[in-house]
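A.B. asks: I'd like to ask you about the structure that follows.
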């Protein structure tokens, strides 16, 4: 994709409807979009930047996160709460081909998710 000169740029992730949280290879939170800050407001919101993911999760989740940081594998699942269901995606990110850490997106979902088979 090409961006024309003098065309305004935009920070798409800031207003992305899913919560986006990024950690480095040590599990330190290095970025949060607006939705992530709102979602985690009770835990500190933007004050979580620079802190460890391991302080935000129970040990059972920390075991999974540690494995992901070592193996660079994705972890995708759906959570169900009284407030609704959410799709959780924890995937590796890379900078210039080097593993940078994990990106977690939390997307609200409603109703049944259709499965579309494509060949």
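A.B. asks: Taking residue 14, is it in a helix (DSSP H, G or I), over 15 Å from residue 90 (Cβ atoms), more than 12 Å from the chain's Cα centre (by Cα) and modelled with pLDDT under 95?
C.D. replies: In short, yes.
A.B. asks: Can you tell me which residue in region 67-91 is nearest to residue 26 (Cα to Cα), limited to those that are part of a loop (DSSP other than H, G, I, E, B) and at pLDDT 90 or above?
C.D. replies: So the residue we want is 72.
A.B. asks: Restrict the check to region 92-108 and report whether at least one residue is farther than 27 Å from residue 10 by Cβ, touching a strand residue (DSSP E or B) at 6+ places or on another chain (Cβ under 9 Å) and either in a loop (DSSP other than H, G, I, E, B) or without any contact (Cβ under 8 Å) to a residue 60 or more places away in the chain (or both).
C.D. replies: no
A.B. asks: Among the residues of region 38-65, write down those that are at positive phi and assigned to a loop (DSSP other than H, G, I, E, B).
C.D. replies: If the condition is that a residue be at positive phi and assigned to a loop (DSSP other than H, G, I, E, B), then 44, 50 are the ones that fit.
A.B. asks: I'd like to check something: does region 109-117 contain any residue that is touching a strand residue (DSSP E or B) at 6+ places or on another chain (Cβ under 9 Å) and either at pLDDT 95 or above or assigned to a strand (DSSP E or B) (or both)?
C.D. replies: Yes, region 109-117 contains at least one residue that is touching a strand residue (DSSP E or B) at 6+ places or on another chain (Cβ under 9 Å) and either at pLDDT 95 or above or assigned to a strand (DSSP E or B) (or both).
A.B. asks: Quick one: residue 53 ticks every box in (1) surrounded by fewer than 20 Cβ atoms within 10 Å (Cβ to Cβ); (2) touching a strand residue (DSSP E or B) at 6+ places or on another chain (Cβ under 6 Å) bar one, so which box is it?
C.D. replies: Here residue 53 clears every test but (1).
A.B. asks: Taking region 89-109, which residues are within 10 Å of residue 20 (Cα to Cα) and out of contact with any helix residue (DSSP H, G or I) (no Cβ under 7 Å at 6 or more places or on another chain)?
C.D. replies: Hits for region 89-109 are 89, 103, 104, 105, 107.
A.B. asks: Contact list please: Cβ distance under 7 Å, first residue in region 71-82 and free of Cβ contacts under 8 Å to residues at least 60 places away in the same chain and at negative phi, second residue surrounded by 10 or more Cβ atoms within 10 Å (Cβ to Cβ) and assigned to a loop (DSSP other than H, G, I, E, B), pairs at least six apart or on different chains.
C.D. replies: none
A.B. asks: Just the residues that are surrounded by 14 or more Cβ atoms within 10 Å (Cβ to Cβ) and out of contact with any helix residue (DSSP H, G or I) (no Cβ under 7 Å at 6 or more places or on another chain), please, taken from region 31-43.
C.D. replies: Of everything in region 31-43, those that are surrounded by 14 or more Cβ atoms within 10 Å (Cβ to Cβ) and out of contact with any helix residue (DSSP H, G or I) (no Cβ under 7 Å at 6 or more places or on another chain) turn out to be 31, 35, 36, 39.
A.B. asks: Please enumerate the residues belonging to region 36-55 that are touching a residue at least 24 places away in the same chain (Cβ under 8 Å) and under 16 Å from residue 106 (Cα atoms).
C.D. replies: Hits for region 36-55 are 36, 39, 53.
A.B. asks: Just a yes or no: is a residue in region 84-102 within 19 Å of residue 36 (Cα to Cα) and more than 14 Å from the chain's Cα centre (by Cα)?
C.D. replies: yes
The values are calculated or read from the model by the stated rules, or taken from the named source; none is laboratory data. Because the structure is predicted, anything quoted here is derived from the model rather than measured. Cβ coordinates were reconstructed from backbone atoms using ideal geometry, including for glycine residues, and neighbour counts include every protein chain displayed.
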